[in-house]
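All remarks here apply to the structure that follows.
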Amino acid sequence: MGIQFTGDETAVWAAAARVLDANWTGTATVPSPGLYPHQWSWDSSFVCLGLARHRPERARIELLSLFRGQWETGLVPHIVFSSSVPRHAFFPGPEFWRSRAQQAAPRGVDTSGLAQPPLQALAALRLAQSSGQEEHRAFLAHLYPHLAAQHAYLERERDVAGLGLVGLCHPWESGLENSPAWDHPLAAVDPPASPFGRRSRGGLAEGAESDRHVSLVQSLRDAGYCSEYLRNDHPFVVEDPLFNAVFLASTHALAEVAELVGADPRPHREAAQRIHEAMLEHLWDREACCFRARDVRTGRLIPVATIAGFAPLLDPDLPPAIVRGLAELLLSARFAGATGYPVPTCDVQSAAFDRSGFWRGPTWVNTNYLVWLGALTHHLDAVSDLLLASTLRLVRQSGFREYFDPFDGTGRGSHDFSWSAALILDLLASRRCRRP
Ligand code: GLC
């Protein structure tokens, strides 16, 4: 790459590159070797951002591999299953989702039937920007119609409440599935008549909550993953600030991709404006001065403040007063100000905060990265410098773990986690670019 680092940065870079090389299957990167043996959609986009700095040709293959799983509706499923992994290595696997029984699903590959935060257009654009647009023009031209179909699907089929925001029909769609934000909407879902049995995933005990996760998939599957069912009958629908902010940022990126390939960017700019307005109108809590998720079934904002509420910093048109309010909250003793290894994924003063609970408190590299990008967007230098330094400190101390204790930086979850490694590459490379 021709990037000059200090000795320490060189060692971190080499270690991160080794993780990505080890987790490469030949066509994609698994999130972690043992625990997540298939391809996940937002993981792949984070990985693409790192591969763009390390092996750009693999970054292109990674995205193309993901889009093999795209449905005719435009859905980019959150898991594309690998046929070389034993069928029962991951639950729920292909036999549970039964994607091939759906007319709109691809024939050659098994997939899930849910979405995840749609980072792909943003990843494709940054890939082009980091390794020279000429080189990537043909790739972008090939990918553009698929990205446009993905975005059209989210707008057309997933605006469940009709307010201009994507409604998530499953906690897994948020990417932050155990977030305390989903506790109440999930508690309103009837548990299955008989439990799905004891399974282990990521060393977590699986209980009633996870049975509800599986039974939500069962209901969606039995309804043919169709939007009428979602709109009228599905018990869990939430509008999440992180998913919608990523959608907004990717919609802006899609407009730029359109320009690069000679297509019309205006529909994407108009779509971005609609999401921007809807987020401010429906997810911004003026009194508490933060963005919150909304439970579509009750029509109420969900009280707990989580890391997802800072993702709207990705919106370049966010009013300055809101940007200032978010920066203050982020640096306060409820988030970064209370921890040595920020940013915790939940307000540390909330009763739901749990320093070691999956998405209920620990610091994650990918959420730090998204907030870092948002801080760069608004020139919040104190925030972006803090995030960069603390994220580097985490991986130096504990390696490329899945998540980390926000107080002492202890690594948790799986080792050699792909997005933790990939995003460090992009953070390091961006730091070099900013230096004179
Ligand atoms: C966990 C994470 C999710 C991620 C997946 C694969 O389920 O919560 O965000 O996509 O693992 O890494």
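Which ones in segment 382-422 are of a type in the set (A, V, I, L, M, F, W, C), in contact (Cβ under 8 Å) with a residue 60 or more places away in the chain and more than 13 Å from the ligand (Cβ to nearest atom)?
Within segment 382-422, the first condition is being of a type in the set (A, V, I, L, M, F, W, C), and the residues that meet it are 382-383, 386-389, 392, 394-395, 400, 404, 407, 417, 419, 421-422.
Among the residues that remain, those that are also in contact (Cβ under 8 Å) with a residue 60 or more places away in the chain are: 392, 395, 400, 404, 407, 417, 419, 421-422.
392, 395, 404, 407, listed by residue number.
So residue 382 clears everything in (1) more than 19 Å from residue 328 (Cα to Cα); (2) of a type outside the set (Asp, Glu); (3) assigned to a helix (DSSP H, G or I) except one condition, right? Which one?
Of the numbered conditions (1) more than 19 Å from residue 328 (Cα to Cα); (2) of a type outside the set (Asp, Glu); (3) assigned to a helix (DSSP H, G or I), the odd one out for residue 382 is (1).
Looking at segment 280-307, which of its residues are under 26 Å from residue 362 (Cα atoms) and assigned to a helix (DSSP H, G or I)?
The answer is 307, and nothing else.
Within segment 326-357, track down each residue that is assigned to a loop (DSSP other than H, G, I, E, B) and either among the hydroxyl-bearing types (Ser, Thr, Tyr) or within 18 Å of residue 391 (Cα to Cα) (or both).
Listed by number, the residues that qualify are 332, 335, 339, 340, 341, 342, 343, 344, 345, 350, 355, 356.
List the helices (runs of 4 or more DSSP H) inside segment 21-107, counting only whole elements, that have at least 1 residues being of a type in the set (S, T, N, Q) and modelled with pLDDT of 95 or more. Lay out the reasoning, then the answer.
Numbers: elements: 41-54, 56-67, 94-97.
The qualifying helices (runs of 4 or more DSSP H) are 41-54, 56-67.
Here's a check for you: in segment 345-364, which residue that is in contact with a helix residue (DSSP H, G or I) (Cβ under 7 Å, 6 or more places away or on another chain) and crowded, with 24+ Cβ neighbours inside 10 Å is nearest to residue 249 (Cα to Cα)?
345
Among the listed residues 271, 223, 187, which satisfies the condition of being more than 19 Å from the chain's Cα centre (by Cα), without any contact (Cβ under 8 Å) to a residue 12 or more places away in the chain and under 17 Å from residue 115 (Cβ atoms)?
Working: 271 fails: without any contact (Cβ under 8 Å) to a residue 12 or more places away in the chain; 187 fails: under 17 Å from residue 115 (Cβ atoms).
The unique qualifying residue is 223.
Tell me yes or no: at least one residue of segment 311-318 is under 19 Å from the mean Cα position of the chain (by Cα), within 25 Å of residue 123 (Cα to Cα) and loosely packed, with under 15 Cβ neighbours inside 10 Å.
The first filter runs over segment 311-318 and keeps only residues under 19 Å from the mean Cα position of the chain (by Cα), leaving 311-316.
Narrowing further to those that are within 25 Å of residue 123 (Cα to Cα): 311-316.
Still in the running and loosely packed, with under 15 Cβ neighbours inside 10 Å: 316.
Checking segment 311-318: at least one residue is under 19 Å from the mean Cα position of the chain (by Cα), within 25 Å of residue 123 (Cα to Cα) and loosely packed, with under 15 Cβ neighbours inside 10 Å.
Could you go through segment 123-131 and let me know if any residue there is of a type in the set (A, V, I, L, M), away from the ligand (no atom under 16 Å from the Cβ) and touching a Cys at 6+ places or on another chain (Cβ under 9 Å). Show your work before the answer.
Initially, segment 123-131 is screened for residues of a type in the set (A, V, I, L, M), giving 123-125, 127-128.
Pick out the ones that are also away from the ligand (no atom under 16 Å from the Cβ) and you get 124-125, 127-128.
Restricting the remaining residues to those that are touching a Cys at 6+ places or on another chain (Cβ under 9 Å) gives 124, 127.
Yes, segment 123-131 has at least one match.
I'd like to check something: does segment 37-54 contain any residue that is more than 16 Å from the ligand (Cβ to nearest atom), charged (D, E, K, R) and free of Cβ contacts under 8 Å to residues at least 40 places away in the same chain?
No, segment 37-54 contains no residue that is more than 16 Å from the ligand (Cβ to nearest atom), charged (D, E, K, R) and free of Cβ contacts under 8 Å to residues at least 40 places away in the same chain.
Anything in segment 63-80 that is out of contact with any Phe, Trp or Tyr (no Cβ under 7 Å at 6 or more places or on another chain) and away from the ligand (no atom under 15 Å from the Cβ)? List them, or say none.
Residues satisfying the conditions are 63, 64, 65, 67, 68, 70, 71, 72.
Inside segment 1-49, can you point out the residues that are of a type in the set (Ser, Thr, Tyr), buried (at least 20 other Cβ atoms within 10 Å of the Cβ) and out of contact with any Leu (no Cβ under 9 Å at 6 or more places or on another chain)? So that I can check it myself, show each step before the final result.
First, pick out the residues of segment 1-49 that are of a type in the set (Ser, Thr, Tyr): 6, 10, 25, 27, 29, 32, 36, 41, 44-45.
Still in the list and also buried (at least 20 other Cβ atoms within 10 Å of the Cβ): 29, 32, 36, 41, 44-45.
If the condition is that a residue be of a type in the set (Ser, Thr, Tyr), buried (at least 20 other Cβ atoms within 10 Å of the Cβ) and out of contact with any Leu (no Cβ under 9 Å at 6 or more places or on another chain), then 32, 36 are the ones that fit.
Looking at (1) within 16 Å of the ligand (Cβ to nearest atom); (2) under 16 Å from residue 369 (Cβ atoms), can you tell me which one residue 431 breaks?
Every condition holds for residue 431 apart from (1).
Report, by residue number, each residue of segment 231-242 that is out of contact with any Ser or Thr (no Cβ under 6 Å at 6 or more places or on another chain) and either buried (at least 19 other Cβ atoms within 10 Å of the Cβ) or modelled with pLDDT under 95 (or both).
234, 236, 237, 238, 239, 241, 242
The values are calculated or read from the model by the stated rules, or taken from the named source; none is laboratory data. Quick caveat: nothing in here was measured; it's all calculated off a predicted structure. Positions of Cβ are backbone-derived with ideal geometry, glycine not excepted, and every protein chain shown enters the neighbour counts.
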